[in-house]
1. What ranking do Lys288, Lys75, Lys264 get, fewest neighbouring Cβ atoms within 10 angstrom at the top?
2. Taking the Cβ of Leu187 as the centre, find all other residues whose Cβ is under 14 Å away and add up their charges (Lys, Arg: +1; Asp, Glu: -1).
3. Give me Glu52, Glu146 sorted ascending by neighbouring Cβ count inside 10 Å, so fewest comes first.
4. Tell me, what is the FRET efficiency for Arg171 and Thr230 to the nearest 0.05, using R0 = 51 angstrom and their Cβ-Cβ distance as r?
5. Using modelled amide H (1.01 Å from N, peptide plane; none on Pro or chain starts), what sits under 5 Å from the amide H of Arg148, excluding residues fewer than 5 places away?
6. What ranking of Arg171, Arg177 emerges when the number of other C-beta atoms within 10 Å of each C-beta is taken as an exposure proxy, fewest first?
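A short reminder: the numbers here are calculations on the coordinates, not readings from a lab. Worth saying up front: this structure is predicted, and the values here are computed from it rather than measured. Note: ideal-geometry Cβ built from the backbone for every residue, glycine included; neighbour counts use all protein chains shown.
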Amino acid sequence: MHNVPAAAQIVAAVSAASTSAAASAQPGPEAVSAVSAAVAHTGLALLFDWLEYFITVPMVYIAFCLVAIVVRMVKVARSPAPFQLALYPAVDRPVLAALGDALGMSQIRRRKPVFWFFLMMFHVGLVLLLLGHLDILPQVNIVPPESRHMLGAGAVGLAVTIPAFYFMFRRFRGMNRQISVPSDYLLLLLLVFLFLLGDLMSWGNSWTAHGFVMTKADFASYFDGLARFTFADPRQVLHGSHYHFVALHVLLANLLFLILPFTKIAHAFFSVPLNVIRRAVWTTRQNKS
């Protein structure tokens, strides 16, 4: 459907060139350059259209392929626990205590309270961010479908963006700088720009006169097409020139999910919960024996 304007543009340029050529015995350089410019512009437009379609549809399915994540989870589950499984001091409800220790991160709170604060803000923000993206689905209605506001009206984005900047600057100080490798900085840069683009869309929808001309219902139509594997062009439901920001945001999200199983973030998602479960089960068995 996007080739029609491009074809019309070529026809118009060729027509103009023909008119110019008919007006003189020999076609001037202006006529030739007009056709060349139109063809070049059309070729670039088609290339960008194809790239944006690939990013927002096929690449999403590739990025959310769970094979690498499942392999990483199996590897972590088979590896031995890196610490003593017993809880000290002994508690009456070891399962709840183990979960509380992992989610509350009491050791970090006592030793590094500032880092703990931003870490907790980041984790809470991630949970709300997940809810906000699930709310885009047609079956979920935390926010009304016709609303221009996403969940939190931009506050949720701040809850993850501010800690991401803190984690980035923290890498440049003291011992953290000595133990950091380039992949640590690149991962944090990816997160920062991913969150900033999400913030840009959320704030644009909520706090400007016209926003991104995209409502929750528009995004829901896009998600619904992905869920039903229609392979429809998202431009049919996501209107406006701001679609380019959506494509960039989706591109960074795809890259994050592609590299996630091979990063340190995977440790937080997989090894910590698995070790908590193993420690809780081990303590329960010891108490019964």
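1. Lys288, Lys264, Lys75
2. So the surrounding residues net to +2.
3. Ascending Cβ contact count within 10 Å gives the list Glu146, Glu52.
4. Efficiency, rounded to the nearest 0.05: 0.75.
5. Those qualifying (amide H under 5 Å, at least 5 residues apart or on another chain) number zero.
6. Numbers: Arg171 16, Arg177 10.
In increasing order of surrounding Cβ atoms, one gets Arg177, Arg171.
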